[in-house]
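Here the structure comes first, spelled out in structure tokens, and everything after it is commentary.
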Amino acid sequence: MPAVSSKGARMPESPIRKLVPYAEIAYKNNKTVYHLNIGQPDIKSPQIAMDAVAHHNLEILAYTRSEGSEPYREKIAAYYNRNNIMVNASDIIVTTGGSEALLFAMGTIADQEDEIIIPEPFYANYNGFATASGIKIVPVISKIEDNFALPPISEFEKLITPKTKAILICNPGNPTGYLYSKEEIESLAKIVKKHNLFLVADEVYREFTYDGLKHYSILEMEGIAENGIIIDSVSKRYSMCGARIGCLVSRNKEVIQTALKFAQARLSPPTFAQIASEAALNTPQSYFDEVIVEYKERRDILIELLEAIPGVQVGHPKGAFYCIAQLPVKDSDLFAQWLLEEFDVEGETVMVAPAAGFYSSEGVGKNQIRIAYVLEKESLIKAVNILKAALKEYRD
């Protein structure tokens, strides 16, 4: 029998999606499942984006340019400029989701066995992207006791080797909801400048900040135009996950020219999705104002309810719409599976994402879960109450 590649064998399962078969069995058993496991917002996509596709006048669904259509990139650049990120259309490559932008970035800046330093826990698919690219992730562990704050810069410097090519952050963070301060971004900018590294920032949750706090982009920082690469996406900003449109942004011309070769190899991003995403840039600020108020209310309810459960410790998100909760269990993978297979409250249960998959350090996060507060408040309250009842009954 032919063998699969060693790289394929090493590819990690998604902690967010690997429990789907158990959820499907729960559905077949007529259970209601509250999904706290995946960052699929229940907020409606902007109508202006939906209308743009519904009322298109295309006669041929043709390829677009590999870097994305010029009118769309011009509008993306204008969006960034309004957010004090001074770029132009030639600094942008439109990608099939932020995922492809990350793959292009890794392929552009690192060779086989090169290293990228990432504060963990981090977005689980970074593990998969690194494996697919032959890159080694070097983790810097941030702790729930510190609310997942950026570890001291000295911890980063200890890990820098001749193989180190970049530091990668997610800001605001998935899965922690941590929002980096201006001072933390400045510290990272100094270290990449000092050691001639790239600083890659996944900024897909830029709009979602709470408590009067502001998001600071790496490309707002002076002196790192050649070092900085932004990864972005329409998925969460406009609740358009299915559009699969993102972008890679850098003022480093060699980075853009190299990433464009990867873009050319996959031909072009999808046409209809670009039409929708271009229209979405005209979404009024009132849309975001309402969404942020809603998410803040959900966050406050979630944190209050979780902290009232005996033995549960929870990080306090400052942005995005996730939190990490530490549970009084030994193995959250087994607990999450048990929730779907064996537990319910009057025919209802919950699906969570075990957090070990958001770390690359072996054995870390085994008793943690990631919760996405993307359900409306009534469902969110029900889901946490079910989780509380489950923890009372569960035995390791």
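The values are calculated or read from the model by the stated rules, or taken from the named source; none is laboratory data. From a predicted model like this one, the values you see are computed outputs, not experimental measurements. Heads up, the Cβs are rebuilt from the backbone with ideal geometry, glycines too, and the neighbour counts pull from every protein chain shown. Calculation scope for accessible area: heavy atoms of the full protein, side chains included, ligands and nucleic acids excluded. Shrake-Rupley method; radii C 1.70, N 1.55, O 1.52, S 1.80 Å.
Remarks
- Cα lying deepest toward the dipole's positive end in the range 105-157, options Ala124, Ile153, Ile109, charges on Cβ: Ala124
- Shape box of the range 250-396 [Cα atoms, principal axes, largest first, Å]: 56, 41, 28
- Cα-based equivalent ellipsoid of the range 106-180: semi-axis lengths in Å, sorted from largest, via gyration tensor: 21, 15, 9
- Just so you know, the Rg over Rh for the range 26-106 is 1.10, from Cα atoms, with Rh as the Kirkwood radius.
- Prolate/oblate/rounded call for the range 165-297, Cα gyration tensor, a/c under 1.5 rounded: oblate
- Under the Karplus curve 6.51 cos²θ - 1.76 cosθ + 1.60, θ = phi - 60°, whole-Hz ³J(HN,Hα) for the range 333-342, x wherever Gly or Pro sits: 4, 5, 5, 5, 5, 4, 4, 7, 8, 10
- Crossing angle, helix 285-307 versus the chain [Cα axis fit, 0-90 degrees, rounded to tens]: 30 degrees
- Extension gain for the segment Leu58 to Lys377, taken as residue separation times 0.36 nm less the Cα-Cα distance, is 110.8 nm to one decimal.
- For Leu334 and Ser154, the FRET efficiency from 1/(1 + (r/R0)^6), where r spans their Cβ atoms and R0 equals 51 Å, is about 0.90.
- Electrostatic bookkeeping for Ser332 treats Lys and Arg as +1 and Asp and Glu as -1; over the other residues with beta carbon under 13 Å from its beta carbon, the sum is +1.
- Whole-number percent relative contact order across the chain, with pairs defined as alpha carbons under 8 Å at least 6 apart: 25 percent
- The range 134-182-the range 36-86 distance, computed between alpha-carbon centres (Å): 30 Å
- Rounded to 5, the percent of DSSP beta bridges in the chain classed as antiparallel: 45 percent
- Potential lengthening of the chain between Glu307 and Glu342 amounts to 10.1 nm, from the contour at 0.36 nm per residue minus the alpha-carbon distance.
- Inter-centroid distance (Cα atoms) of the range 242-313 relative to the range 326-396, Å: 25 Å
- Modelled FRET efficiency - R0 41 Å, Asn196 with Val4, Cβ distances, 0.05 increments: 0.65
- Maximal additional length on extending the Thr32-Gln285 stretch stands at 87.6 nm, based on 0.36 nm per residue less the C-alpha distance.
- Whole-number percent relative contact order across the range 129-275, with pairs defined as alpha carbons under 8 Å at least 6 apart: 16 percent
- Solvent exposure of the chain as accessible area per residue, Å², 1.4 Å probe: 44 Å²
- Cα Rg, Dmax, the chain, angstrom units: 20.9, 61
- Other residues lying with their Cβ under 14 Å from the Cβ of Lys190 contribute a combined charge of -2, Lys and Arg counting +1, Asp and Glu -1.
- Charge tally in the Cβ shell below 11 Å around Ala353, where Lys, Arg are +1 and Asp, Glu are -1, Ala353 excluded: +2
- For the range 1-118, the Cβ-based charge dipole about the Cα centre amounts to some 580 debye (Lys, Arg positive; Asp, Glu negative; other atoms uncharged).
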